[in-house]
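> Just passing along the structure, written as structure tokens.
The values are calculated or read from the model by the stated rules, or taken from the named source; none is laboratory data. What you are looking at is a predicted structure, and each value in this text was computed from that prediction instead of being measured. We place every Cβ from the backbone using ideal geometry, glycine too, and count neighbours over all the protein chains shown. Note: accessible area is taken over every heavy atom of the protein model, side chains too, but ligands, DNA and RNA are not part of it. Shrake-Rupley method; radii C 1.70, N 1.55, O 1.52, S 1.80 Å.
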Amino acid sequence: MSEPIVTMNNINFTYENKPILKKVNFEIPKGKFMGLVGPNGGGKTTLIKLILGLLKPDEGEIKLFNTPIEKFQHREKIGFVSQKANSFNAGFPATVFEVVSTGLTAKLGYFKFMKKSHREQVLAAIEMVDMLDYAFENIGNLSGGQQQRVFIARALVNEPELMILDEPTVGVDQGNVKRFYELLDKLNKEQQITMLLVTHDTGIMTEYATDIVCLNRTLHFHGNPEEYSSLSDEDLSLFYGHPVTTIAHEA
Amino acid sequence: MIADFIQYDFLRYTFLTGILIGIIAPLLGTFIVVRRLSLIADSLSHVTLAGIAFGLMMEKLLLITFSPLYSGMAFSVIGSIGIEKLRSVYKNYQELAIPIILSTGVGLSVIFISVANGFNTDLFGYLFGSVSAVSQNDFLLIFSIFIIVVGIITIFYKELFTLSFDEEHATISGIHTKRIHLLFIVLTSLVIAASIRIVGVLLVSALMTLPVAAAMRISKGFKQMMLLSILFGEISVIIGIVSGYYLSIPPGGTIVMIAVTILLLSIGYKRSRKSTNEMREA
Ligand SMILES: Nc1ncnc2c1ncn2[C@@H]1O[C@H](COP(=O)(O)OP(=O)(O)OP(=O)(O)O)[C@@H](O)[C@H]1O
Ligand SMILES: [Mg+2]
């Protein structure tokens with residue numbers, strides 16, 4: 001069994017008296033490509049914020065790279081891509097190069113300056129996502145899909161061991177979604193980057209993921225794409241259907 | 001035309017101070033504009049006014065002479081920390097901090113000014129700037145602020161830029177965003193205090209934002225925008241001070257109007273480039 005990259009033991013999380021996650025247990029072993037699916041409001045983004053340390057669980061234990069999250073020091077091992085195509089300030093006057101460089105800031109540390117080798121690292125990350133032609137364009141002048149590639153490059157520039165992506169393909173056209181998954185697949189296979197991907201495109205995701213997890217307040221399914229595809233409609237409606245009845249059913 | 005500025009000490013100090021603030025005001029202004037904090041600069045300038053009024057009052061009451069710039073600076077720094085505290089108290093209504101601090105600043109100013117027996121020419125200079133107000137002591141204080149600001153921005157450039165571009169990402173990657181932000185706000189308050197003698201309380205935020213607004217239209221990337229803003233800031237300050245002196249107008253007014261002119265030119269330039277491109281494509 002390979003080393004676990006993320007471990008969650010009995011996680012409970014409440015937002016102002018509203019229980020969001022109940023008894024979530026799960027593990028991502030190294031090298032997996034895990035797809036996280038579930039209905040809107042099911043708690044996917046919340047789960048990711050817990051892993052990133054933006055929120056703290058009420059109960060339970062989170063480990064990153066086998067270290068309890070409170071003691072985990074190597075944030076640069078985690079690359080995060082959020083749903084930026086929608087939320088980021090499109091007018092921000094920065095070039096692709098400048099945006100990708102911000103990925104290195106924390107790793108370099110305080111009182112250190114970018115050297116030539118760092119610039120080469122930034123360009124290499126931009127090349128990996130096929131955006132070298134746009135390296136010195138303002139990010140605001142790019143299409144949504146191109147911007148998303150830039151954010152992947154920002155995560156890649158640290159050579160992360162785990163990439164977490166929260167609905168990265170919202171607003172990206174079909175052809176580019178496919179190219180996007182191919183890029184993730186390549187990074188997963190060639191560089192052994194463990195992937196955790198939140199998405200509503202279950203169709204295309206099942207082609208690339210090695211594991212699929214369904215989350216609706218608690219984990220409803222954890223298996224491989226074949227098992228997921230063979231789920232009956234009844235099972236699926238249980239996951240996606242009405243969260244209220246699901247909770248009632250459990251209680 | 002520049003001869004007077006070389007000949008007379010007081011003009012020389014004004015001119016040199018102008019050159020310094022023409023650099024640091026737009027330098028910080030670039031971060032202020034992209035982080036949408038322009039109004040914070042405005043409220044801090046009013047708190048600085050309260051500090052200056054306090055200084056003038058103490059001068060009058062205690063018959064001591066010290067530069068009110070010091071009390072202005074102290075109030076500005078305290079105000080900047082106050083804004084941050086309020087922003088964390090009203091997490092979902094962060095902009096509330098601005099009117100609270102601004103009105104406190106104006107309220108205190110009114111009280112201090114009346115205790116000090118009303119308006120005088122000194123105060124007028126603090127409101128709109130003055131070409132004859134910079135003493136050697138003031139200049140040395142402003143020069144120290146210049147060194148501190150440029151030094152800290154150089155050292156923390158990458159953190160400040162990362163924070164400005166994407167605060168959430170900066171936090172996740174482990175940057176101490178709260179501390180960096182506080183450092184930034186304190187620097188802003190120092191720059192405001194330094195700029196007040198030349199441009200005045202009411203126009204200081206204009207010198208921090210107008211050159212940036214102009215540069216933003218025509219630059220590629222953040223660094224280029226920063227350098228262009230400084231260039232525009234310098235042009236505004238130099239032409240503004242010299243013309244203000246010869247026309248006997250407070251330099252705050254002339255500096256800001258030059259900055260407005262540059263802004264209009266940059267908007268026009270972008271428009272005309274756009275329409276020629278469209279014509280070419282058609
Ligand atoms: N800051 C917040 N304060 C209070 N409740 C919140 C907050 N953020 C999210 N929630 C609630 O937590 C629940 C889970 O939200 P979350 O964003 O994790 O869902 P999600 O699975 O990511 O949904 P989606 O598919 O729509 O992105 C929702 O019911 C939401 O209303
Ligand atoms: Mg979500």
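> Being within 14 Å of another protein chain (Cβ to nearest Cβ), assigned to a loop (DSSP other than H, G, I, E, B), open to solvent by 30 Å² or more (accessible area, probe 1.4 Å) and at pLDDT below 95 is the filter here; which residues of segment B:130-174 pass it? Step through it out loud before you land on a result.
Keep residues of segment B:130-174 that are within 14 Å of another protein chain (Cβ to nearest Cβ), which gives B:151-174.
With the extra rule that they be assigned to a loop (DSSP other than H, G, I, E, B), the set shrinks to B:156, B:166, B:173-174.
Going one step further and asking which of them are open to solvent by 30 Å² or more (accessible area, probe 1.4 Å), we end up with B:156, B:174.
Matches in segment B:130-174: B:Gly174 only.
> Of the conditions (1) more than 16 Å from ligand 2 (Cβ to nearest atom); (2) farther than 19 Å from A:Asp166 by Cβ; (3) not β-branched (Val, Ile, Thr), A:Gly53 fails just one. Which one is it?
(2)
Matching residues to (1) buried (at least 23 other Cβ atoms within 10 Å of the Cβ); (2) within 11 Å of chain B (Cβ to nearest Cβ); (3) under 23 Å from A:Leu36 (Cα atoms); (4) at pLDDT 90 or above:
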| residue | (1), (2), (3), (4) |
| --- | --- |
| A:Gln73 | no, yes, no, no |
| A:Ile78 | yes, yes, yes, yes |
| A:Phe92 | no, yes, no, no |
| A:Tyr134 | no, no, no, yes |
| A:Asn138 | no, yes, no, yes |
| A:Gln146 | no, no, no, no |
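> If A:Phe221 meets every condition in (1) away from ligand 2 (no atom under 16 Å from the Cβ); (2) modelled with pLDDT of 90 or more; (3) in a strand (DSSP E or B) apart from one, which number is that one?
For A:Phe221, the exception is condition (2).
> Kindly provide the set of residues from segment B:23-49 that are over 9 Å from the mean Cα position of the chain (by Cα) and closer than 21 Å to B:Ser135 by Cα, ordered by number.
Scanning segment B:23-49 gives B:Ile23, B:Thr48, B:Leu49.
> Please specify each residue of segment B:74-101 satisfying the condition of being part of a helix (DSSP H, G or I), over 27 Å from B:Val115 (Cα atoms) and not hydrophobic (A, V, I, L, M, F, W, C).
Result: B:Glu84, B:Lys85, B:Arg87, B:Ser88, B:Lys91, B:Asn92, B:Tyr93, B:Gln94, B:Glu95.
> Ok, one more. Going through B:Thr177, B:Thr188 one at a time, which residue ends up being more than 10 Å from chain A (Cβ to nearest Cβ), within 25 Å of B:His46 (Cβ to Cβ) and in contact with a Leu (Cβ under 9 Å, 6 or more places away or on another chain)? Can you show your working first?
Details: B:Thr177 fails: within 25 Å of B:His46 (Cβ to Cβ).
One residue alone meets the criteria, B:Thr188.
> Ok, one more. Show the residue pairs meeting these rules: Cβ distance below 8 Å; 6+ apart or different chains; first residue within segment A:72-84 and at negative phi; second residue open to solvent by 20 Å² or more (accessible area, probe 1.4 Å) and within 14 Å of ligand 1 (Cβ to nearest atom).
A:Ser82/B:Glu168; A:Gln83/A:Glu167; A:Gln83/A:Val170
> Would you call A:Ile152 of a type outside the set (Asp, Glu) and at the interface with another protein chain (Cβ under 10 Å from one of its Cβ atoms)? Spell out how you get there, then give the answer.
Values: of a type outside the set (Asp, Glu): yes; at the interface with another protein chain (Cβ under 10 Å from one of its Cβ atoms): no.
When the stated conditions are applied, A:Ile152 does not pass them.
> Can I ask one more? If I filter segment B:199-244 down to residues being open to solvent by less than 20 Å² (accessible area, probe 1.4 Å) and not in a helix (DSSP H, G or I), which single residue comes out as nearest to the other protein chains (Cβ to nearest Cβ)?
Top of the filtered list is B:Gly221.
> Which of the numbered conditions does A:Asn40 fail, given that it passes all the others? Conditions: (1) within 14 Å of another protein chain (Cβ to nearest Cβ); (2) within 16 Å of ligand 2 (Cβ to nearest atom).
So the condition that A:Asn40 fails would be (1).
> So B:Leu190 fits all but one of (1) on the phi > 0 side of the Ramachandran plot; (2) touching a helix residue (DSSP H, G or I) at 6+ places or on another chain (Cβ under 7 Å); what number is the exception?
For B:Leu190, the exception is condition (1).
> Against the conditions (1) assigned to a helix (DSSP H, G or I); (2) within 16 Å of ligand 2 (Cβ to nearest atom); (3) at pLDDT 90 or above; (4) within 14 Å of another protein chain (Cβ to nearest Cβ), where does A:Thr102 fall short? Just the number, please.
(2)
> Pick from segment A:28-48 the residues that are near ligand 1 (Cβ under 9 Å from one of its atoms) and small (Gly, Ala, Ser): which of them is most open to solvent (accessible area, probe 1.4 Å)?
A:Gly41
> Hand me the list of helices (runs of 4 or more DSSP H) wholly inside segment B:1-73 holding 3 or more residues that are more than 25 Å from B:Tyr93 (Cβ to Cβ), touching a Phe, Trp or Tyr at 6+ places or on another chain (Cβ under 7 Å) and within 14 Å of another protein chain (Cβ to nearest Cβ). First the steps, then the outcome.
Values: elements: B:3-7, B:9-34, B:38-62.
Filter on segment B:1-73 gives an empty set.
> Further question: Among the residues that make up segment B:52-65, is at least one of them among the polar types (S, T, N, Q) and touching a Ser or Thr at 6+ places or on another chain (Cβ under 9 Å)? Quick ask: steps written out before the conclusion?
As a first pass, look at segment B:52-65 and keep what is among the polar types (S, T, N, Q): B:65.
Subset that is touching a Ser or Thr at 6+ places or on another chain (Cβ under 9 Å): none.
No, segment B:52-65 contains no residue that is among the polar types (S, T, N, Q) and touching a Ser or Thr at 6+ places or on another chain (Cβ under 9 Å).
> While we're here: Evaluate the following for A:Thr67: is it more than 10 Å from ligand 1 (Cβ to nearest atom) and either within 22 Å of A:Lys107 (Cβ to Cβ) or within 14 Å of chain B (Cβ to nearest Cβ) (or both)?
Numbers: more than 10 Å from ligand 1 (Cβ to nearest atom): yes; either within 22 Å of A:Lys107 (Cβ to Cβ) or within 14 Å of chain B (Cβ to nearest Cβ) (or both): yes.
So A:Thr67 fits the description; yes.
> Also, I was wondering about something else. Just to verify a result, which residue in segment A:183-230, among those that are open to solvent by 40 Å² or more (accessible area, probe 1.4 Å) and within 18 Å of A:Gly79 (Cα to Cα), is farthest from ligand 1 (Cβ to nearest atom)?
Per the stated criteria, the residue is A:Glu190.
> Also, I was wondering about something else. Could you tell me how many of the residues in segment A:158-206 are on the phi > 0 side of the Ramachandran plot and more than 15 Å from ligand 2 (Cβ to nearest atom)? Break it down into steps so the answer makes sense when it comes.
Pass one, segment A:158-206, residues on the phi > 0 side of the Ramachandran plot: A:159, A:167, A:171, A:192.
From the residues that got through so far, the ones that are more than 15 Å from ligand 2 (Cβ to nearest atom) too are A:159, A:192.
Going through segment A:158-206 one residue at a time, the tally reaches 2.
> Could you count how many residues in segment A:16-27 are more than 14 Å from every other protein chain (Cβ to nearest Cβ) and within 14 Å of ligand 1 (Cβ to nearest atom)? Spell out how you get there, then give the answer.
Step one: of segment A:16-27, the residues more than 14 Å from every other protein chain (Cβ to nearest Cβ) are A:17-27.
Restricting the remaining residues to those that are within 14 Å of ligand 1 (Cβ to nearest atom) gives A:17-22, A:24.
The total comes to 7.
> Just one of the numbered conditions (1) surrounded by fewer than 19 Cβ atoms within 10 Å (Cβ to Cβ); (2) within 29 Å of A:His222 (Cβ to Cβ) is not true of A:Gly109; which one?
The single condition A:Gly109 does not satisfy is (2).
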